Each structure stands twice: as C-alpha cells, then as structure tokens.
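Let me begin by presenting the structure, written as structure tokens, before commenting on it.
What follows is calculated from the coordinates using simple rules that are stated; it is not laboratory data. Quick caveat: nothing in here was measured; it's all calculated off a predicted structure. Glycine also receives a Cβ, built like all others from the backbone with ideal geometry; neighbour counts cover every protein chain displayed.
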Amino acid sequence: MEYLDRLGTFGAELHYASLPQKVREQLGWVLVDTLGAIVGGSAEPELRAMAQRTSHGNGATLIGLGAQASPMEAALINGTAGTFLEMDEGNRFSRGHPSIHVLPAVLALSETQGADAHRFLAALAVGYEIGSRFGASAQLRDAMHVHGTWGTLGAAAGSARVFGADAGGMRESVNVASSMTIATSKKTMLQGGLVRNVYAGLSNSNGLLAAQLVLCGFQGEADGPASLFGEIVSERYDQATLLRGLGEEWHLMQNYFKLHSCCRYNHATLDALDLLAERGDLPAAADIASIDVTTYKYAAELTDPAPRNTLGAKFSVPFAVATRIVNGSSGLPSFTYDAIRNPDVLALASRVSVIHDPAMTARLPHERPARVGVVDRNGRRHEAEVSFNRGDDISPYTTQELSGKFLDLCERVWPRAHADALLNSTLTLGDAKAGDTASIRNWLELLRRPAPQ
C-alpha cells in the first residue's frame, strides 16, 4: 500500500507557491483553456436544457449561464459543458482529458468553501497530476471510453485538497472514488451518443461526493485503484508509472491544447492537410477524386462518413477531412449542425478511406502519426505526413493562439470586453498572496455574468 501513501502525501502537501514557475504558468493556461471550453459549451441548447432541469440548489456558479446550483450540480453541469465542443485540453500519456475532470469539482468547492486562489490552484494541480497519473498507469479495455473513469479519482483528490485533507484523507478519498467511476462505452462517441458528454460531469460530481463521504467517515477498499485498474476495467495497471517522477516531472507540462474542434485522434490528419495547404498543394473539394488516410489504431476507428449529429462529426476522420477542405478550416464553425448537413462536405467525406497501420500504433503515446494522400481528378497524388500533433509540448501553440481560442469560445456567450477581462484575471489569479481572497472573489464575479438576452 506504500504507493498510495506516497500519492496521498504528495496531494496533501502540494502548495501552489512551491510549484516551479514554469508549472505555475502552464497551470494558468490549462485553467484558461478549460474555462474557455466550459463557456463555449454552455451555449449548446442541450446543455442549457440540462441545467434548467437538473439544478435546484445554489452557492456554486454555472459558468456562462448566469445561474447557481449546489456544488455537486455545478460540478456535473460545468463538467458536461466542457466536453460538448471537443475543445478541452488533454494529455497524451494519460490518453484523456485531466483538467475537465477536475476543474468543475474544485471550482464549485472552492467557491462554496471560501478558498483563496492558492488553495484553489493547488487543488487543480493535485487533481490534474493524480488523475493523469492514474490514466497513464492503466490501459483501459478497448470497449471503454476514457471519460468518467480515472478522472473521478483526480476529482476526488482535488476536492480533498480543497477540504484541506491530510495524507490519510487524500488516500482514502482516492480509494472511495475508485468505487464511484462509471462503466463507459466507446460506442457513444463513435455513434454520436450525446450521453457521452455527461461522463466528465459525472466524474466531477462523483469525485466531489467521494471526498465528502470520507469527511463523513466512509471508507473504501484497502487499495481501490488496484481493484479497479488491475482487475475490472483495465488490461494493465503499472504502479511504477503512477509514481514515476512524482513531484518532479509534471504531467501538466506534457499536456496538449486543441485548435481543431474535434477528437484528438483526428488531429494528425488535419495537421497533414494543413501542411498540404501551406505548400499550396491541397486541391479544391470539387477537384478531388479520393483521399486515403493512414494512421494509428484509435484514429482508424473513426470511420463514419455521415455522422448523425455534431458529436458524431467530431469523432469522424472522413467528416473532419471533408469539412476542413470544403470550409477551409477545422474550427468550431466547421462542426456545426449546418456543417454536418452540407451536401458538399458529405459528398467529399464519402470519398475518404481510413487505413490502420500497426507500425504507427506502435509509436504511441510519444507520437500520434498520420499520412494523408489526396488524389486529384487528373490522377496526381498530393501527400503529407506528420508524427507529432500541433498543440502538445513538442509542437506547442503560441500563447497568442491560445488567447485567441479562449476569446472566440467566450464570445459565444459574452461580449469581447468581458472575455478580455476574464482572460487577464485568470492568468493573474495566482499573483495574489496566500490567504488573500480578494482576487478570487473578483474572478468569480466575472464567471457569474449571465449571457446577454
């Protein structure tokens, strides 16, 4: 059990001011990016209907909605909002999205517990690191969707840090949370099942509940994660990977951000198309006879050329390729309801084939490769290949690109001036001294603003 003791000590003793400067800066951008995804997702009609039907409490902010709910309700709704647009950050080593599984829970608790900025940010860092490390240490069964699984343990750890848990309380929160994950299905993403968007919300609310249960005296197994990941949902559970470099090597520094508004598995293909466009070698849609995409296993599963809704579109390589070429962009407007009904996009998507290359799969997780071949109607082949995706630590986006993404997402809900103010306030949130709650109160006021009617 010694490994859980080490994890509990790490989580209980992490302080924001003790983080290396580069980690604090990266944490700020992770916070910015995840907030932007939540704000943008809050504009979706299904999310707004969900919030209206399921929120009855108060005290915690429903971001972008100008309303309040109980902490558990806010964790559920904000967590769901953040996955709607497929724009939330992720981590290639945990093969998932740590921040959106943690931020809604620690934000709701920090707001209702009166935490200062340093405690809130420390909780976000704790939840991110612990959740992502569990993801990296496990190899979930192929039929499972990663959302709603190890993220629950991250949310519990972050919530326990807000509560000020000691090492034993942190460890027990993780143990209890390991019995509160959900059985997820990968088919929901492949078939456009919108219930998939709730998985991250459930991780947040269940993780928050786990930390509260420990305060009430509840206990879990002696080693819940070993049962969950070693026997039930995972093909592999490696405790050495879980602890490797703990407190010295930061998963936060190995994350990725998205500008393509779709599943990360599409991104290598879209990056290759961008390379063709930069070379002036990408034909117009009407001039294309066929397109072949060769890529790794998980991307090669995304083959539906005619998705039934926007979620399905974000998990389709043929659609992503076609909408990028027809619309000249892989941004959010290319994955709307109008886009998935565009006959030119659907016609081109039907001419895209996706091929699995086992040699490319073997290069995971350090690389996520794809090769794209575009054959024009004159029989000429235009080809590009990428190994590393834009937006990760090897090929990062600039802060200007990340700022632009945040502002674009926030402008779905708020005026530009308000989005600018929120961006600046978020990036400077950690500048306050420990114990000073003024900065976080001012920041929360910006989050509480309702959308203009």
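Quick rundown of the values:
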read-out	value
Equivalent ellipsoid, the stretch 222-265 (semi-axes from 5 times Cα gyration tensor eigenvalues, Å)	27, 18, 8
Proximal aspartates and glutamates to K297, defined as alpha-carbon separation beneath 18 angstrom and excluding residues fewer than eight positions away on the same chain	D142, E235, D271, D357, E367, E385
Whole-number D in µm² s⁻¹ for the stretch 115-225, Kirkwood Cα-pair radius fed into Stokes-Einstein, 4 °C, 1.567 mPa s	93
Cα gyration tensor, the stretch 270-312 - rounded (a/c under 1.5), prolate or oblate	prolate
For the chain, the longest site-free run once GluC sites (Glu not before Pro) in DSSP loop states with at most 13 other Cβ atoms within 10 Å are removed	1-220
Which of F218, F93 has the fewest Cβ neighbours within 10 Å, and the rest in rising order	F218, F93
With eigenvalues of the C-alpha gyration tensor scaled by 5 and rooted, the stretch 1-76, Å	32, 18, 11
Contact order normalised by residue count of the stretch 264-386, Cα under 8 Å, 6+ apart, percent	39
For the stretch 264-386: rounded, prolate or oblate by the Cα gyration tensor [a/c cutoff 1.5]	oblate
Contact order normalised by residue count of the stretch 357-428, Cα under 8 Å, 6+ apart, percent	17
Alpha-carbon Debye profile of the stretch 373-417, log10 I(q)/I(0) at 0.15, 0.18, 0.24 Å⁻¹	-0.65, -0.71, -0.83
Nearest-20 debye value, the chain charge dipole, Cβ charges on Lys, Arg, Asp, Glu	720
Within the chain, longest stretch clear of exposed trypsin sites (Lys or Arg not before Pro) (DSSP loop, no more than 16 other Cβ within 10 Å)	1-140
Neighbour-count ranking [beta-carbon atoms within 10 angstrom, fewest first] of C262, C216, C410	C216, C410, C262
Quotient of C-alpha Rg and 2.2 N^0.38 Å, computed over the chain	0.95
Over the chain, relative contact order from alpha-carbon pairs under 8 Å, at least 6 apart, %	19
